[in-house]
Amino acid sequence: MAEGKKALIMEEKAIQRSLTRMTHEILERNKGTQDLVLVGIKRRGDFLAKRIAKFIQETEGIKVPLGAVDITFHRDDLSSVAHQPVVHKTEIPFDVTDKTVILVDDVLYTGRTVRAAIDEIIDFGRPRKIELAVLIDRGHRELPIRADYVGKSLQTSKKESVVVKIKEEDGEDRITIENSNIKNQKLNL
């Protein structure tokens, strides 16, 4: 792909189909919603977790506990990301102890964001287990982390950037791969 070019990966219907399939897989693997909680990684993972929770409620008639984590202070690259990072509020209004936590994010790349999110969740208790659901797995792991539920796996180069747009945040549902100069690449942890 030439520098500055975009490749369309998923649009609204494909994203919805992937989230629906992932939700069914979550329910099947966990044999329903007993002791199940959802936690999205802010910002786009938070919106995806809300969509999964809504689908569970529509299909199962059960409202699962829903939370969101901000990983800012658990990042191992905080000093290199921003001089004054934007901090969002972690919202976990329930006890995670002995629960199955489904951690939701938009893109899995190096695994560092997931590691930071797990650290934040453990600050709130000791879950029975934590499973990971991601819309896009783009490879290039730096830590031994893998997703349990994946919308789409992509083979990417480190020079490419996966750009996820979510309606609630960006006004549209769309995923593209963009090729750009590594210096100008958006950080996708």
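The values are calculated or read from the model by the stated rules, or taken from the named source; none is laboratory data. None of these values were measured; they are calculated from a predicted model. Don't worry about glycine lacking a Cβ; one is built from the backbone with ideal geometry, like all the others, and counts go over all protein chains shown. Note: areas computed on protein heavy atoms with side chains; ligands, DNA, RNA excluded. Shrake-Rupley method; radii C 1.70, N 1.55, O 1.52, S 1.80 Å.
For region 111-142, a residue qualifies if it is charged (D, E, K, R), open to solvent by less than 30 Å² (accessible area, probe 1.4 Å) and either assigned to a strand (DSSP E or B) or closer than 24 Å to E11 by Cα (or both), and the qualifying residues are E131, D137, R138.
Among the residues of region 146-184, those that are open to solvent by 30 Å² or more (accessible area, probe 1.4 Å), under 17 Å from D106 (Cβ atoms) and free of Cβ contacts under 8 Å to residues at least 40 places away in the same chain comprise R146, S153, K165, D170, G171. Applying the criterion of being touching an Asp or Glu at 6+ places or on another chain (Cβ under 6 Å) and either in a strand (DSSP E or B) or open to solvent by less than 40 Å² (accessible area, probe 1.4 Å) (or both) to the residues of region 89-110, the residue that is farthest from T33 (Cα to Cα) is T110.
Filtering region 43-85 to residues that are modelled with pLDDT of 95 or more, open to solvent by 10 Å² or more (accessible area, probe 1.4 Å) and either among the charged types (D, E, K, R) or part of a strand (DSSP E or B) (or both) leaves R44, D46, K50, R51, K54, E58, E60, K63, L66.
Is it the case, given these coordinates, that K31 is loosely packed, with under 14 Cβ neighbours inside 10 Å, among the charged types (D, E, K, R) and farther than 17 Å from P93 by Cβ? Against the criterion (loosely packed, with under 14 Cβ neighbours inside 10 Å, among the charged types (D, E, K, R) and farther than 17 Å from P93 by Cβ), K31 qualifies.
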